[in-house]
1. Which condition does Gly155 not pass, out of (1) within 18 Å of the chain's Cα centre (by Cα); (2) in a loop (DSSP other than H, G, I, E, B); (3) at pLDDT below 80, if it passes all the others?
2. Identify, from the list Ala30, Ala5, the residue that is among the aliphatic types (A, V, I, L, M), more than 23 Å from Gly155 (Cβ to Cβ), in a helix (DSSP H, G or I) and out of contact with any helix residue (DSSP H, G or I) (no Cβ under 6 Å at 6 or more places or on another chain).
3. Six or more apart or on different chains, Cβ atoms under 8 Å: show the pairs whose first residue is in the stretch 24-43 and closer than 24 Å to Leu82 by Cβ and whose second is loosely packed, with under 13 Cβ neighbours inside 10 Å and at pLDDT below 65.
4. What are the pairs with Cβ atoms under 7 angstrom where one residue, in the stretch 171-187, is under 15 Å from Glu132 (Cβ atoms) and the other, located anywhere, is among the small types (Gly, Ala, Ser)? Sequence gap at least six, or different chains.
5. When only residues in the stretch 70-94 that are surrounded by fewer than 16 Cβ atoms within 10 Å (Cβ to Cβ) and free of Cβ contacts under 8 Å to residues at least 24 places away in the same chain count, which is nearest to Ala7 (Cα to Cα)?
6. Which residue pairs have Cβ atoms closer than 7 Å, lie 6 or more positions apart in sequence or on different chains, and pair a first residue in the stretch 193-218 that is over 19 Å from Ala56 (Cβ atoms) with a second residue that is among the charged types (D, E, K, R) and open to solvent by 30 Å² or more (accessible area, probe 1.4 Å)?
7. Restricting to the stretch 173-196, and then to whatever is modelled with pLDDT under 90 and under 26 Å from the mean Cα position of the chain (by Cα), can you tell me which residue is nearest to Gly69 (Cα to Cα)?
8. Just the residues that are at pLDDT 80 or above and open to solvent by less than 30 Å² (accessible area, probe 1.4 Å), please, taken from the stretch 236-263.
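The values are calculated or read from the model by the stated rules, or taken from the named source; none is laboratory data. From a predicted model like this one, the values you see are computed outputs, not experimental measurements. Positions of Cβ are generated from backbone atoms using ideal geometry, with glycine treated the same way; all protein chains shown enter the neighbour counts. The area values use the complete protein model at the heavy-atom level, side chains included, leaving out ligands, DNA and RNA. Shrake-Rupley method; radii C 1.70, N 1.55, O 1.52, S 1.80 Å.
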Amino acid sequence: MNATAAAVLLSLLSVGAYAAAAVAQAGLAARDEASGGGLLRLLGRGAWWSAVGLNAGGALLHVAALEYGPLVLVQPLGALTLVAAVPLGARAAGRRVTGIEWRGTLLTLLGLGALLTVTGGSAPDETLSLPEALAVGAGTAAVVAGLVRPGARPGLRHAAASGLTSGVASALTQTLTVSLTDHTDPLLSPRPLVVAVLVSAFATGGLLLSQTAYRGGLGAPLAVVTLANPVAAAGIGLVLLGEHLHGGATALLPASLGTAAAVRGVILLCRAQAETATAAERARAGARFPAGSPTRVVAGSREPAERLLPRPRRELEREPEREAGPGPGLGLEPGPGREPVGGR
C-alpha cells in the first residue's frame, strides 16, 4: 500500500469515528437544550465521554493519516463526516434517509472524488516554524473571538469557529508529527512544546464549540464545520507549507467543479435536515392536539389558547358573582339581594 492509499484509508476510519461522535453530540445537545442544561452538566454523563472518546479516536486516526498524506489530500476527506452522519443520524432518530439526503450525499461524493484527482501527493515534509505557529495561533484566536461574540445565529457562527479551530489543529498536528518523526527537534525543545499546547487548546475548543453549535440541530452546523475545517487547514498547507494542487493551472477546473458539487451536496443535506426537523415538530404538535379533539378557539380571537380553556370550578367559586352588575365602589361590595363574598 502506497502513502496516498494509506492516508485515504486512515482518513475514512477517522471520518467514521467523527460522524458517530457528531450524532452522539447532537443528541446530547438536543436533550440539554430541552432541559436547559449547560456544558458543565455534560461532564457527569457517560454518553458525553463516549463522544469524547470517539472524537479522540478520530483525531488519532487523522494524525496517522497526516503522516502519509498532505493536508490538501487528508482534509477534503473530512467532508465525508457529514455524509456518514446522515444515515447514522437517521437510524438514531428511527427514520429512513430521504431522497434529498441521498442526492446530497451523491453530489458530495462526486465533488470529493474530483478533488482527490488533483490533491494526491507524497508524504509531507514541510513544517511550520515557531514564529509561524505562533502567528497562526494568534490569528485563529482573534477570528474565533469575533465569531463567538453575542449576536444573531450563534449556532452557525459557533460551528464556523469549531471548524476553523479543528482545521488549524490539524495543520499544527502535521507540524508536530513531522518534526518529531524526522527528529528535527528534540522532544522537549520549544517548538514541539508550544505546538503541542496549541494543538490541545484548539482541539478542545473545537469540541466544545461544536457541542454548542449542535444545539440548533445537526445538519447545518455540521455542514459549516465540515466546510470550514478543510478550508482552514488547506489554506495553511498551500500558503505556509508549500503544498500544491497537481496539474498546475489545469487542475483549477476540476478542483472548482468538485468544490461546487461538494458545496451543493452539503446545501442539500442541510435543507434535508431542516425539513426533517420541521416534520418532527409537526408530528409532536399532532401528538399534543390530535385530530378530532374539541377546541375552544374562537375565530378572530387573539387570546392565548390557555385563556380560552375552561377554568377549574374551585377558581370560579373564588370570584365574585357579576350577573347583576358591579356594586358601588370597586365592585367588591355586595349588590342588592346578593350575599357578601366573604360569607361563602
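1. All conditions are met except number (2).
2. Ala5 is the lone residue from the list that is among the aliphatic types (A, V, I, L, M), more than 23 Å from Gly155 (Cβ to Cβ), in a helix (DSSP H, G or I) and out of contact with any helix residue (DSSP H, G or I) (no Cβ under 6 Å at 6 or more places or on another chain).
3. From residues that are closer than 24 Å to Leu82 by Cβ, the pairs are Asp32/Gly38.
4. Within 7 Å, the pairs are Ala171/Ala233; Ala171/Gly237; Leu172/Ala133; Thr175/Ala133; Leu176/Ala196; Asp185/Ser179.
5. Arg91
6. That search, which allows pairs on different chains as well, returns Arg215/Glu33.
7. In the first step, residues of the stretch 173-196 are kept if they are modelled with pLDDT under 90; the result is 173-192.
Still in the running and under 26 Å from the mean Cα position of the chain (by Cα): 173-174.
Numbers: Thr173: 13, Gln174: 10 Å.
For the stretch 173-196, the residue satisfying everything is Gln174.
8. Across the stretch 236-263, the qualifying residues are Ile236, Ala255, Gly258, Ala261, Ala262.
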